[in-house]
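Quick notes on the structure that follows.
What follows draws every value from the coordinates through simple rules; no lab data is involved. Keep in mind it's a predicted model, so treat the numbers as computed, not measured. Backbone-built Cβ (ideal geometry, glycine too); neighbour counts: all protein chains shown.
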Amino acid sequence: MSQDDFVDVQRAYLQELLEQVEEMESYFLEYEKTKDESLIRKSISLMHSMKGAAGSYMLNEFSSLCHKVEDLLLDEQIIADKKFTQIIFSVIDLCRNYIYNWQPNQLQFLTMQLDELLDDFSLKQYRKCLILEMSRSMSKLYSNLVKKFGFNISFSSDSFEALNRLVLEDFDLILFSTNMGSFEGNLLFNAVQEIAPNKFNSTEVLVISTQKNSKEKFHGFSGDLLLKDRNIMENLENWLMKKYASFDADAGKYSESKVDDLAKLKNIVFIDDSEAILKLAKHVFEKQLKTTEVHYFSSGSEALKYMEKNQPELIICDYQMDHMDGIEIKNRVNQNFKLKNIPFLFLTGEREAKILDQMRKLETQGLIKKPFNHRSLLSEISTALAANSKVA
């Protein structure tokens with residue numbers, strides 16, 4: 001089948017998909033009146049069906065959205081929220097817009113739109129964990145433990161489904177079993193690295209294996225491995241305690257004191273020559289730092305010119321830029337007595353030790369890894385600043 005023929009097949013399927021979306025809407029119109037929980041179960045079944053079919057038709061972005069909506073529909077806390085049906089109707093509108101605006105090979109960033117939608121509803125969001133494990137019983141055991149540390153849990157026992165989710169979605173933690181059926185966990189990890197090389201840079205990955213040397217098969221992996229033996233649950237709990245002990249499970253949220261401190265800043269300068277990054281940063285800061293003036297620059301020279309007359313309280317700068325890179329900007333900042341003591345953070349996708357050391361030697365207060373998670377950017381900035389004793 002030619003590419004054009006397949007596009008015609010996709011368009012025909014989108015009409016069927018629209019009918020299914022409208023069927024889901026009818027379930028929730030009825031649910032709004034009756035609160036009949038069987039309608040939610042029907043919606044989960046329908047969403048599961050759409051997820052599988054959309055993946056088969058190579059509509060991977062929509063399939064990934066279905067994964068996330070399934071997770072919402074299985075979350076009792078979200079269902080109990082007074083805005084639950086409003087949220088679902090907004091999700092249905094999101095699905096419709098995708099279908100109406102679909103073009104071959106053109107992303108609509110659906111999962112990001114869903115995250116923004118949930119933010120708009122001020123829906124309490126937890127950290128997200130994906131458990132990749134063939135055994136349902138082990139998945140359940142891991143899930144019960146990880147939930148205690150404030151995570152929403154997603155599961156995948158199929159390697160092809162997992163590959164799709166790993167490429168298209170962002171997670172804060174991934175538990176990677178080495179046994180994933182169609183192909184082993186290390187091959188899945190390595191495939192994601194080939195497709196999206198920086199995908200795991202800002203994600204905590206834990207490998208769980210029956211063999212000590214399994215870690216070597218995960219190319220470029222520098223995280224931890226736990227042996228799947230009789231002590232696995234105790235060792236997993238200890239690992240989680242070490243990584244996430246600061247999470248306040250009773251409050252159901254991260255400690256926000258450091259982010260609150262960030263909100264007290266009056267003036268921030270943000271420098272990046274990528275319009276996409278500037279747009280995303282602007283979205284984050286406008287929503288969460290409403291009383292802070294943030295000035296955005298795609299040019300280092302323009303930013304330096306501005307800072308000569310207007311000293312910010314924080315500078316965030318990309319490392320790799322055309323014309324004037326982050327290193328040169330930081331050098332010029334260090335040479336200016338008005339600017340040299342201002343906290344300075346690098347945004348960087350670099351992983352080479354030499355380059356990272358070069359950035360640290362310039363007396364920066366920290367590094368923010370790219371790609372960053374737009375929903376945790378402020379927390380990452382606050383953590384980087386708090387880790388440096390120079391920052392009050």
Computed over the Cα atoms of segment 40-140, what is the convex hull's projected area averaged over all directions, in nm²? 7.3
Fraction of antiparallel bridges per DSSP, the chain only, in percent to nearest 5: 5
List the trypsin sites (Lys or Arg not before Pro) within segment 1-79 that fall in a DSSP loop (any state other than H, G, I, E or B) and whose Cβ has at most 12 other Cβ atoms within 10 Å. LYS35
Which listed residue (MET112, MET138, ASN97) has the Cα farthest towards the positive end of the charge dipole for segment 93-167, taking +1 on Lys and Arg C-beta and -1 on Asp and Glu C-beta about the Cα centre? MET138
Relative contact order of segment 28-146, please, whole-number percent, based on alpha carbon pairs below 8 angstrom and at least 6 residues apart. 20
Under 4 °C and 1.567 mPa s, how fast does the chain diffuse according to Stokes-Einstein, given a Kirkwood radius computed over C-alpha pairs? Answer in µm²/s, whole number. 56
On C-alpha positions alone, give me the angle between the axis of helix 185-195 and the longest principal axis of the chain, in degrees, nearest 10. 60
Unit charges at the beta carbon, dipole of segment 185-228: most positive-side option, ALA196, SER209, ASN186: SER209
Taking the beta-carbon count within 10 Å as an exposure proxy, list THR292, THR178 from fewest neighbours to most. THR292, THR178
Angle, helix 300-309 long axis vs. longest principal axis of the chain, Cα atoms, 0 to 90°, nearest 10? 60
Please determine, in degrees from 0 to 90 and to the nearest 10, the orientation of helix 110-120 with respect to the longest principal axis defined by the Cα atoms of the chain, where the helix direction is its Cα long axis. 70
